[in-house]
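The values are calculated or read from the model by the stated rules, or taken from the named source; none is laboratory data. Only a predicted model underlies this, so the values are computations on that prediction, with no experimental measurement involved. Neighbour counts are summed over all protein chains in view; Cβ atoms, including those assigned to glycine, are modelled from backbone coordinates with ideal geometry. Accessible surface areas use protein heavy atoms only, side chains included; no ligands, DNA or RNA. Shrake-Rupley method; radii C 1.70, N 1.55, O 1.52, S 1.80 Å.
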Amino acid sequence: MPSPQVDLLVVTAGAAPALDGLDVHRQALRCATIVAPAMTEQGGRCIFLQNTGGDFGHGMTDPAQAEIGGIAALAKTASHEWPKALVRAIDIGAGDPGDEAFVSRIAKEILFGGDLVELGLSPTGGRVTTKLETAPYSGKGIVLADGDLVVVSGGARSITAAVVCRLAQEAKLRFLLLGRSEVADWPEGLPRDLSLQELRSALVARAREAGEDISIKEVSARADHLLAAREVSETISRIREAGSEAVYRAVDITDTGKVDEAIRAFRGSGRIAGLIHGAGVNMDKLIKDKTEDQLRRVYTTKIDGFKALWSAVEADRPAFVSLFSSIAGRFGNPGQSDYAIANEALSRIAWSLQNRYPDMRVTAIDWGGWLGGMVTDAVRRQFEDRGVPLIPIEMGVEAFVLELIAGQGGTPEIVFAGTPEVMLAASNKQRDGHSPSKSAVA
Ligand SMILES: NC(=O)c1ccc[n+]([C@@H]2O[C@H](COP(=O)([O-])OP(=O)(O)OC[C@H]3O[C@@H](n4cnc5c(N)ncnc54)[C@H](OP(=O)(O)O)[C@@H]3O)[C@@H](O)[C@H]2O)c1
């Protein structure tokens, strides 16, 4: 582990062959946490090495190796959090540590490589970086057919639920929705449209009437649970009204066995046609205050959750795999190092799956902030103060559907964020038109 005071720190966890994805990111984040106070106050140089092929995973076919590409997002986040420091991610590809030319190329890049935050040393000798390109819609997307089975993590609540309800109109689909919230009956006699505050008050009043001794914490937990369960049942009703079907299973998607069991029961003798991975959590804190537990919770939901889902559906060769990722991974975001890591790793996995299965439609959408979901009112105000526009729910939903049914294909990472004007242009249903706000990563 590094000393807290260093002028130059090279973090090599991302190049260590023997570590698994979570360990790689845990070690890199630990190094960053130790030097964060000094890097913030005095500056310095911090270089993160990663091995995802020298091109930030764009050519990988192995999801396990692609997963370690979250290191770059840690570097990008640190570069925002430590403005006095020079922070870079260098993707070095595979090489023999005994090969002098290989080692000296890396050393030169570390010492004299300039200040580009994301730089890859391609195996063919070039220096590469990532850039965004506008990605026109093609009109050649996935055709959804009546009866198609679609598995959706996080699909019963929040923005993923909004997407599913819209998708339910495209054909008579059958959805399996996975989330942690247990179903619950709404308390008899209480109106179903109570707000959180109203529900808490009503629960307290009922407890008092019944002579029950109930703590504020218990009331809050009970109210949260009831609202989550209400949301789940409303999503199912909306899907049915739209002409599709849905079953909900309360499953933590990091539990591989339970995910497999739920998908087996849902599939029966059929085949899973599509997988949508929308489940995610965030726990914002600056790198200096980040704990391993926060990283583990954020990372495993996105990545181990995806692995559990994928291992249960891989044999079906689904026609499409759609992943909810984030611009926090693409560009880094102060306070979101673990969230950025997890999303970047997910988007790298998308590249590897698309390369491995060219006939499958794989898309990780690096979303900007939505006007809803995990973007709370306080976070929304922060975005507004910085002049960053948020994605209205209807636009994000439409963008998701367009990407699926009219996206280019072969472009596994799409950034969707921008000003309301360009997003409006993108969502005006020109299914074979051009979208100025959605960009592919090249
Ligand atoms: N909202 C945004 O602005 C934004 C921006 C960029 C990317 N994204 C991504 O979009 C996705 C949805 O975001 P959101 O804003 O709707 O988040 P949210 O409001 O926090 O909802 C998260 C969803 O994930 C489910 N979930 C979380 N952990 C789970 C687990 N271990 N097992 C099963 N389900 C789990 C939750 O259901 P339960 O609580 O019932 O488990 C819920 O349905 C996330 O992946 C997020 O990273 C969102």
Stretchable slack from residue 124 to residue 252, in nm (0.36 nm times residue separation minus alpha-carbon distance)
41.8 nm
Positive-end extreme of charge dipole, the chain - chosen from 306, 225, 410 (charges on Cβ):
410
With Cβ to Cβ distances under 13 Å as the rule, what net charge do the other residues near residue 371 carry (K, R +1; D, E -1)?
-1
Taking all protein chains in place and a 1.4 Å probe, what share, in percent, of the accessible surface of segment 66-191 do carbon and sulfur account for?
53
Would segment 294-352 count as rounded, prolate or oblate if I go by the C-alpha gyration tensor, calling it rounded below 1.5 in a/c and otherwise prolate when a/b exceeds b/c, oblate otherwise?
oblate
Are any of the pairs 76/108; 84/108; 84/302; 172/307; 76/258; 140/302 more than 26 Å apart by Cα-Cα distance, and if so, which?
84/302; 172/307; 76/258; 140/302
Please report, in debye to the nearest 20, how large the charge dipole of segment 38-99 is about its Cα centre when each Lys and Arg carries +1 at its beta carbon and each Asp and Glu carries -1 there.
360
For residue 108 and residue 208, what does the FRET efficiency come to when R0 = 60 Å and r is the distance between their Cβ atoms, rounded to the nearest 0.05?
0.25
When the chain is modelled as a GNM with alpha-carbon springs shorter than 10 Å, which of 289, 96, 146 fluctuates the most?
96
Gyration tensor (alpha-carbon) shape descriptor, segment 204-262, a/c threshold 1.5:
oblate
Karplus (6.51, -1.76, 1.60) ³J(HN,Hα), θ = phi - 60°, over segment 182-195, in Hz, Gly and Pro reported as x
7, 5, 8, 6, 5, x, 4, x, 8, x, 7, 9, 5, 6
At 1.4 Å probe size, with every protein chain present, just tell me what the per residue accessible area of the chain comes to in Å².
43
Which of these, 80, 25, 225, has the largest mean-square fluctuation under a Gaussian network model of the chain (Cα springs below 10 Å)?
225
The rounded separation in angstrom of the Cα centers of segment 152-177 and segment 365-421 is 17
Would you please give the residues with an amide H less than 5 Å from that of residue 415, counting only those at least 5 places away or on a separate chain, with H modeled from the backbone geometry?
366, 439, 440, 441
Using only Cα atoms, find the angle between the long axis of helix 100-112 and the longest principal axis of the chain, and express it within 0 to 90 degrees, rounded to the nearest 10.
80
Hz values of 3J(HN,Hα) by residue in segment 26-38 - Karplus curve (6.51, -1.76, 1.60), Gly and Pro given as x:
5, 5, 5, 5, 4, 4, 5, 5, 5, 8, 3, x, 5
Answer in debye to the nearest 20: the dipole magnitude of segment 195-344 about its Cα centre, from +1 Lys/Arg and -1 Asp/Glu charges placed on Cβ, is 280
Quick one: dipole size for the chain, taken about the Cα centre, charges +1 on Lys/Arg Cβ and -1 on Asp/Glu Cβ, in debye to the nearest 20.
340
With springs only between Cα atoms under 10 Å, which of 234, 100, 212 fluctuates most in a Gaussian network model of the chain?
212
With all protein chains present, segment 264-309 has a carbon and sulfur share of its accessible area (1.4 Å probe) in percent of 46
